[in-house]
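The values are calculated or read from the model by the stated rules, or taken from the named source; none is laboratory data. The shown structure was predicted, so the numbers you read here are calculated from the model rather than taken from an experiment. In this analysis, Cβ positions are derived from the backbone assuming ideal geometry, glycine residues included, and neighbour counts consider all displayed protein chains.
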Amino acid sequence: MKVLCYSSFTFSYLNRARVLFQTLRRFHPDWELVALITDRPPDGFAFDLADEPFDRVVWAQDLGIPDFQAWLFKHDVVEVCTAVKGPFLHQACGWGSDAVIYLDPDTALFADLAPLEALLEDHDILLTPHLVDPNESAEAIRDNDLSASRTGIFNLGFVAVRTSGEGARFARWWNDRLLDWCYDDMPNGMFVDQRWCDHVPALFDKVKVVRDPGYNVASWNLSTRTVAVQKDGQVTVNGAPLRFWHFTKLGPMGDAMTKKYGGTNFPVYEIWRWYKAQVGEATDPAIPTGWWAYGAYSDGAPIEKSHRVLYRERADLQAAFPDPFETREGGYRKWLIAEGL
């Protein structure tokens, strides 16, 4: 099976993406590895594909999204790095691969994903739920079950499709939804791409929900997953091989949730220690912390989330300011200042 695997990120997450792609290269040297980047390199950073562990880069501005500058401005960094996943997947289905797999940049492989390739022989769409076993304590239900109810049953840090049949049909549908409706707006039923995929088992055939506990291990499911290291060095989760871990919220928040549900399951902390070391080695000091070229207007002023939300809700503003980043002749930012916003 010819597989294309991609991840979507900005340069501030390049260190995490490097770790992901290094682990992918280790276990799947035959896969095509693609970085989908919605950003521009910061001044002083020399970005050379020859030095990176992925095969090629696709820039978000080259996906052919209509009115790209205006469309991008409507999203914050998390929303847009999620939104571009759909157009890329839809287009990649026509590039000659048999299957396309998406993985978040803050994931890392610990074993090969051959079982997923086998599943794709009989299924067109693979999804992993946040939870594969019920929680029992009230605290875990509040933290994990109800969180998944708000943000989506499936974690879209992973999705895999066949590039034909229902997989291609899903890719087209996901493209359409994410172009117009990929926002962090839980009161209106959206949490970027995840709530949309709650509909997938109802809308598409040949869907496989991957309930193996070795996939998408993360802080939100450690309450029901026990990590162990076998005598041969293999890492297992509830007795199954650990395939990939999702290291979400690297830092104090991730540490707190991991400690809360990792408890005395000490291999969990060894895995996190390893990951932090790998990310540290992959970090380039020339990339400023939190860098995102589209986080500021052209004059350098930071863009507030409220500015983005107002712009996406007002068709008149979109018509008046087709490039809302631009400030040379006043533009959208000048209008906001005049309005006291």
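Identify all residues within region 294-308 that are free of Cβ contacts under 8 Å to residues at least 60 places away in the same chain and in a loop (DSSP other than H, G, I, E, B); write none if there are none.
Hits for region 294-308 are 297, 298, 299, 300, 301, 304.
Which residues, taken from region 288-321, are surrounded by 17 or more Cβ atoms within 10 Å (Cβ to Cβ) and of a type in the set (Val, Ile, Thr)?
If the condition is that a residue be surrounded by 17 or more Cβ atoms within 10 Å (Cβ to Cβ) and of a type in the set (Val, Ile, Thr), then 303 is the only one that fits.
If we scan region 207-224, do we find a residue that is under 18 Å from the mean Cα position of the chain (by Cα) and assigned to a strand (DSSP E or B)?
Scanning region 207-224 turns up at least one residue that is under 18 Å from the mean Cα position of the chain (by Cα) and assigned to a strand (DSSP E or B).
Just the residues that are closer than 14 Å to residue 212 by Cβ and either touching a Lys or Arg at 6+ places or on another chain (Cβ under 6 Å) or not in a loop (DSSP other than H, G, I, E, B) (or both), please, taken from region 118-138.
Passing the criteria: 118, 119, 123, 126, 127, 129, 132.
I'm told residue 81 meets every condition in (1) closer than 21 Å to residue 219 by Cα; (2) at pLDDT 95 or above except one. Can you identify the failing condition by its number?
Only one criterion in (1) closer than 21 Å to residue 219 by Cα; (2) at pLDDT 95 or above is unmet by residue 81, namely (1).
To keep it simple, each residue is scored yes or no on (1) modelled with pLDDT of 95 or more; (2) part of a loop (DSSP other than H, G, I, E, B).
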residue: 257; (1), (2): no, no
residue: 274; (1), (2): yes, no
residue: 281; (1), (2): yes, no
residue: 286; (1), (2): yes, yes
residue: 310; (1), (2): yes, no
residue: 323; (1), (2): yes, yes
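Restricting attention to region 325-341, which residues are in contact with a Ser or Thr (Cβ under 6 Å, 6 or more places away or on another chain) and assigned to a loop (DSSP other than H, G, I, E, B)?
325, 326, 327
Consider residue 261 against the criteria (1) modelled with pLDDT of 95 or more; (2) surrounded by 14 or more Cβ atoms within 10 Å (Cβ to Cβ): it satisfies all of them except one. Which criterion is unmet?
Condition not satisfied by residue 261: (1).
Does residue 200 qualify as being crowded, with 18+ Cβ neighbours inside 10 Å, of a type in the set (Val, Ile, Thr) and in contact with a Leu (Cβ under 8 Å, 6 or more places away or on another chain)? It would help to see each step written out before you state the result.
Working: crowded, with 18+ Cβ neighbours inside 10 Å: yes; of a type in the set (Val, Ile, Thr): yes; in contact with a Leu (Cβ under 8 Å, 6 or more places away or on another chain): yes.
The answer is yes for residue 200.
When only residues in region 322-331 that are in contact with a Phe, Trp or Tyr (Cβ under 6 Å, 6 or more places away or on another chain) and touching a residue at least 60 places away in the same chain (Cβ under 8 Å) count, which is surrounded by the fewest Cβ atoms within 10 Å (Cβ to Cβ)?
Result: 325.
When you scan region 12-109 for strands (runs of 3 or more DSSP E) that lie fully inside it, which ones turn up with 1 or more residues that are in contact (Cβ under 8 Å) with a residue 24 or more places away in the chain and within 13 Å of the chain's Cα centre (by Cα)?
Strands (runs of 3 or more DSSP E) meeting the threshold: 32-37, 99-103, 107-109.
Limited to region 268-308, what total is found for residues that are β-branched (Val, Ile, Thr) and under 19 Å from residue 44 (Cα atoms)? Give the derivation first.
First pass over region 268-308, keeping only residues β-branched (Val, Ile, Thr): 268, 271, 279, 283, 287, 289, 303.
Subsequent filtering for residues that are under 19 Å from residue 44 (Cα atoms) retains 283, 287, 289.
Summing the residues that are β-branched (Val, Ile, Thr) and under 19 Å from residue 44 (Cα atoms) in region 268-308 gives 3.
Limited to region 230-256, what total is found for residues that are touching a Lys or Arg at 6+ places or on another chain (Cβ under 9 Å) and of a type in the set (Asp, Glu)?
So the count comes out to 1.
If residue 141 passes every condition in (1) touching a Lys or Arg at 6+ places or on another chain (Cβ under 6 Å); (2) aliphatic (A, V, I, L, M); (3) within 27 Å of residue 189 (Cβ to Cβ) but one, which one does it miss?
Answer for residue 141: the failing condition is (1).
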